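Below is one structure, written out as structure tokens; the observations come after it.
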Amino acid sequence: MKLKKTIATGAALLGLLLNSGIAFAAADAEATVGDDGDSSSYTEDNDYLKIDVDNHGHVDNLDAGVGVSGANFQDGNDDDGEILTGDADGHGTSDNFVNSTMGEISEEEEGSDAEASVGEDGFADAEAYDNDVLKVYIDNWAEVDNLTLGAAVSGLNFQYCNDDNNVIDTGDSDATASALNELNSTWLAISGGHTASATATVGDDGDASAYAEDNDYFKVKIDNHADLDNASIALAISGGNAQFGNDDDNEITTGSSTASSSANNYLNTSVVMIGDLGGGATATSDVGEDTALAGGGCAECGGQDGCHEDKCLSSDAEAYDNDTVKVYVDNNADVDNTSAAIAVSGGNVQSGNDDGGSIDTGASSGTSCSNNTVNSTWISIGDNTLPEGGSEPCSL
């Protein structure tokens, strides 16, 4: 996945890994009457989990790769002055990962389980509650001032006021600058849930009541603020040479000049995956023979069916499973980006010399690209599928 590759890069280096593979303790209650009597079971497992991440990052960064074989001078000499430079290479690379948060929160399939059973005649009542609350707050603030510079200079050579046969011959000049800035990246995955289960059983005559409730609440709030000033500059110079005030036969020959600059900026990227929460509520009631309502209603209620006094209940089961999911994402970003590639094999000067002057320049190439991905949010609810998307990185 393009997106996965982008986010995982920063998270692997500077990420805060909230790996909460949470296995909350379960709540179990069991009540049993072997013969006649009443059995009541009540269990409650209500978990509260809050994660609060507050990141503030400030980076002032300079990466400079400078190679210089040029900037040489010859003056006031006799015949046969010669400046021969080697190749010049300058490469600058910056990778800044600021406020990267990677979280995985999962719950085992354990929860609240209540069982009540009567072997013969009597009343069985089971109640199970499992209401979980999960809150995740992530507040990121990042400010980055970054300069990536690659400079290679084999040119800028000077010969003046010399006699005959002066030669300037420069090597190749190659410069690259590459910047990767990833600010405020959040990758959060939530899955799993607890279960509420209630079972009430009467073996012969009596009443059975089962009630189960599993109401979960999930809230995710992400606030991102990013300010980026980035400059990626590649400068390659084999030119800019000068000969003046010399006698006969002056020659300037430059090598090739190549400059490449790239900038990849990812600000305020949020991926929130809320998969199958699982869990649920299950209520089961069973009476083996006759209930208290058998034969036309409960006498204490005037023989009316539907009486809800405990002593008049028949076999009754209720289950409730209501989940609430809230996701809030607030992004604010300010980007000033410059990517420049400058290659110079020209800019050479011959002036005030005698006969036989020549200038021969090499090839010159400058390439620059930028990719700015700002305030990107992917939210997936209901499965564990990563969304497709994400921009291709800029590369040369």
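Looking only at residues in segment 120-148 that are acidic (Asp, Glu) and outside any strand (DSSP E or B), the one that is nearest to VAL327 (Cα to Cα) is ASP132. Across segment 277-294, the number of residues qualifying as modelled with pLDDT under 65 and either more than 41 Å from the chain's Cα centre (by Cα) or not in a loop (DSSP other than H, G, I, E, B) (or both) comes to 5. Do we have ALA31 as in contact with a Ser or Thr (Cβ under 7 Å, 6 or more places away or on another chain), surrounded by fewer than 21 Cβ atoms within 10 Å (Cβ to Cβ), modelled with pLDDT under 80 and not hydroxyl-bearing (Ser, Thr, Tyr) here? Against the criterion (in contact with a Ser or Thr (Cβ under 7 Å, 6 or more places away or on another chain), surrounded by fewer than 21 Cβ atoms within 10 Å (Cβ to Cβ), modelled with pLDDT under 80 and not hydroxyl-bearing (Ser, Thr, Tyr)), ALA31 qualifies.
Out of SER106, SER94, SER117, one residue alone is surrounded by fewer than 21 Cβ atoms within 10 Å (Cβ to Cβ) and either in a loop (DSSP other than H, G, I, E, B) or of a type outside the set (A, V, I, L, M, F, W, C) (or both). It is SER106. Of all residues in segment 264-286, those being surrounded by fewer than 20 Cβ atoms within 10 Å (Cβ to Cβ) and in contact with a Lys or Arg (Cβ under 9 Å, 6 or more places away or on another chain) number 0.
For segment 344-361, the criterion of a residue being in a strand (DSSP E or B), at pLDDT 90 or above and buried (at least 18 other Cβ atoms within 10 Å of the Cβ) is satisfied by at least one position. Taking segment 189-209 as the range and being of a type outside the set (Val, Ile, Thr), under 45 Å from the mean Cα position of the chain (by Cα) and surrounded by 22 or more Cβ atoms within 10 Å (Cβ to Cβ) as the test, the residues that pass are GLY193, HIS194, ALA196, SER197, ALA198.
When VAL335, VAL325 are checked against the criterion of being touching a strand residue (DSSP E or B) at 6+ places or on another chain (Cβ under 7 Å), more than 21 Å from GLY150 (Cα to Cα) and at pLDDT 90 or above, VAL335 stands alone in meeting it. ASN77 falls short on exactly one of the conditions (1) surrounded by fewer than 19 Cβ atoms within 10 Å (Cβ to Cβ); (2) of a type in the set (S, T, N, Q); (3) touching a strand residue (DSSP E or B) at 6+ places or on another chain (Cβ under 6 Å); (4) closer than 19 Å to PHE158 by Cβ, and that condition is (3). Filtered by the rule that a residue be over 19 Å from ALA340 (Cα atoms), β-branched (Val, Ile, Thr) and buried (at least 24 other Cβ atoms within 10 Å of the Cβ), segment 227-263 gives ILE252, THR254. Does ASP87 satisfy the criteria of being of a type outside the set (Lys, Arg) and surrounded by fewer than 19 Cβ atoms within 10 Å (Cβ to Cβ)? Yes, satisfied. Take ASP52 and tell me if it is under 41 Å from the mean Cα position of the chain (by Cα), modelled with pLDDT of 90 or more and farther than 30 Å from TYR211 by Cα. Yes: the conditions hold for ASP52.
The values are calculated or read from the model by the stated rules, or taken from the named source; none is laboratory data. Model, not experiment: these values are computed from the prediction. Neighbour counts are summed over all protein chains in view; Cβ atoms, including those assigned to glycine, are modelled from backbone coordinates with ideal geometry.
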